[in-house]
Amino acid sequence: QQSSQRIIPRFWVKWYPLIDAPPNTNCTYNSIEINKFNFQGSDAFNEYITPDKYCHPYFDFDHIESLDQYESVLKWLDSLVSEFGQYSIGGYSNDAQISTIHNLKFIELVEKKVSIHVVFYEKRILQADMMEIVKKTANQNVKRFAYDINEFVDDSVYKLKSVSKNSRQMFRHILSNKCYRNKTPVLIAGKLCKQDDEPFNQIVQCTQDESDVSDVITNWPLVIHKVPSLKEQEKEKTNARRLQDVANGAAEVGADGKIITKTHVKNIKIDDIDFDDNLIVFNKEQMIGLLNKFETTFENLEKTTGPIRYSPHSEEFIKECYTECKSFRYNEIIFQEKNKEGCINMFTGFAYKEIQTDDFSKIQPFLDHIKNVLAGKVDTEINYEYIIKWFASIFQQVKLKIGTMMNFIGQQGCGKSFAIETIYELLGIFALKNVDELTKIFGKFNALASTAILINFNEISDATDSFNLQHKMKSAITQASGIIERKGVDSVESEIWSNFTCTCNDMNAIPAEKGNRRFQYFTCNNEFAGERDYFQNLCKDIQPQKQGEYNEEFMGILLHYFRTLDIQGFDAEDFIVQASRKTNVVYNEQLERQYTGLNQVDRFVVDNFPIFEIGVPIEGIKIEKYQIRGLAIKLKSSCDFVRMRKNKFNKEYYQKNKVIYDKYIKIEYNTLPEQVSVYSIKQEDQCRDLMNIIKYKQFNIPAIEGDEIETKPNQDDDGSEYN
């Protein structure tokens, strides 16, 4: 196939080199220069598509699993050409056969079988129409496309509606690798499939010129048709069946035009009985009469009467009936420990009855286990106080976002999970003890988080090299509301009071970033791992039978202990901040983890700090997979730069400090350009988080005390390094 050449209109394309672009970026690129863009390595082109009037029709396909499926996509795309015009197609595949047949880039080790982007570059379409075409509708708890578009279209790349001032859709150019801030690029750049195609044809943005709208698609319903709802389909089947009955003589048309089924008094056979398989439909009086038979409880509202909400009645009708029904009339839905008149309380209480006592001897062995195992061997008392008060905060105020996540790292069998599961048991259905994947909570479908007060991730795998959930996790740890999305149901904004812990064997399951204030790490004591007698003695008064019932007396006293513990002055976030300031110690786990989590460029600055204290030309820095442009972007957060002639750098910097430069970096002076950019570390108050790591690693002296940026548990925490 060939792609027709065209005259490129001149306009400014919004873009950003990183896929996780900050809100309201003002980067633009001249449209007529895009065909000259260098798409190699970390030079990525990501469209920053904002709500506007027009765009080029575009489709993304990431779920194709076979050659037949791929060819069904091509057949559907070709069916649109009559109205949409020609299209540009490009992408990659890990299947050699598909790559060869359809001229896709072959990348053997990628996860997706096929990933392609398609842009119909000859015509424009209203963004509102584009969103309508890919709209999904929920019916009987299943989401499907409202129109007969190809089933493999990915509907997640159409954030074109103006929801807030930050509304935007990032769309990676198919020739670009996927590049993030502070992470190694993901090398998944594809190729254009059609002969003579050009990069600009893959641009979704277009001119907004309305002087000539002859290229604007208005008749798209001629090639894309609305799919009847299940109710409409059933009605069509019923009508067709009744018309067939008329043709067969089993029914007749009455004077009013209605079809009347004939009745037979004698010799009736089961096959002769007429029936109506439509669902029962109530009027308002009947529906309210049914609802009034139920007691006003959250259980009845959510589950017992739940099927009514998936009946053929409209959403407006159901809401109206619930509102007018006396039994289910309430002011609001709440989630709190104490009930409130006129409100439905989703929190139904703790799983065990609190036993009020001043004698905590029965639970002391368990508290000792927390201290001796979870709190580790270093700073044991301080760590133990943090752990106990962290949990006590939740039991004293269930509607609370603590703002930090505790991570317990220890050898298998050391007893960390037993301690966590016992505490979680106190919350019953409002705690999730063993979630094995971060994406189940922080991914697209996150319904598990909607009513859980405590969520523990257990034995998740090392995520250092591909961790892309840091910002989502930080937001979930601090934010008291968020978007809940269930499969087949429209997403809704809801209060979320989840707090998180993690128990794992892997040291790097959840990495820390510089300036970390959200993740607290505890290296557990492993000396009891495999000590059968120790655990049998510990468990006999807690959970006598493995996987069996818990001792109610023990659990009741433990609950009372947490609910009465003095936690005044406890600040979970400040504990981590203070730990990050301790640079004059032999070992600081918090700073070690922040160092491990640094991107390649920041780590280079830390490891070679003495030359950045003087000044180093960016042209002399060699870091794998980074070109000068990418380096400049990464260095911006920690370094200032000045431009100067090479001779001046040699005379005033290099010759005076040659011994230091040669110790850390080999500068090939003759290869430097005549004009160089010399980068040096910023003032300490401008990059304090990185300087704490530098001091710890390079100097082992205390950080200068200074005011920390105040953050609150219900505020987002993106960090200032990207401002």
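Worth a mention:
- Pairs of alpha carbons in region 27-152 whose separation is greater than 16 Å (percent): 71 percent
- J(HN,Hα) series, region 683-689, from Karplus relation 6.51 cos²θ - 1.76 cosθ + 1.60, nearest Hz, glycine and proline x: 4, 4, 6, 9, 8, 4, 4
- With N counted as the residues of region 374-578, its alpha-carbon radius of gyration over 2.2 N^0.38 Å works out to 1.02.
- Over region 599-699, volume per residue of the alpha carbon convex hull, in Å³: 99 Å³
- Computed over neighbours whose Cβ is under 15 Å from that of K194, the net charge equals -2, Lys and Arg +1, Asp and Glu -1.
- Shape of region 12-222, Cα gyration tensor, a/c cut at 1.5: rounded
- All Cα-Cα distances of region 497-604, cut into 5 Å bins from zero to the largest, leave 2, 8, 12, 14, 17, 14, 13, 10, 5, 2, 1, 0 percent in each bin in turn.
- Principal axis dimensions, largest first and in whole angstrom, of region 379-430 by Cα: 33, 27, 15
- Computed over region 36-105, Kirkwood Rh from alpha-carbon pairs, angstrom: 14.7 Å
- Above-threshold pairs, the threshold being 30 Å between Cα atoms, out of K75/K113; K136/K440; K135/K399: K135/K399
Bear in mind that the values in this text are calculations on the coordinates, not laboratory data. Just so it is clear, the structure is predicted and the values come from calculations on it, not from any experiment. Virtual Cβ from ideal backbone geometry, glycine too; neighbours counted across all protein chains shown.
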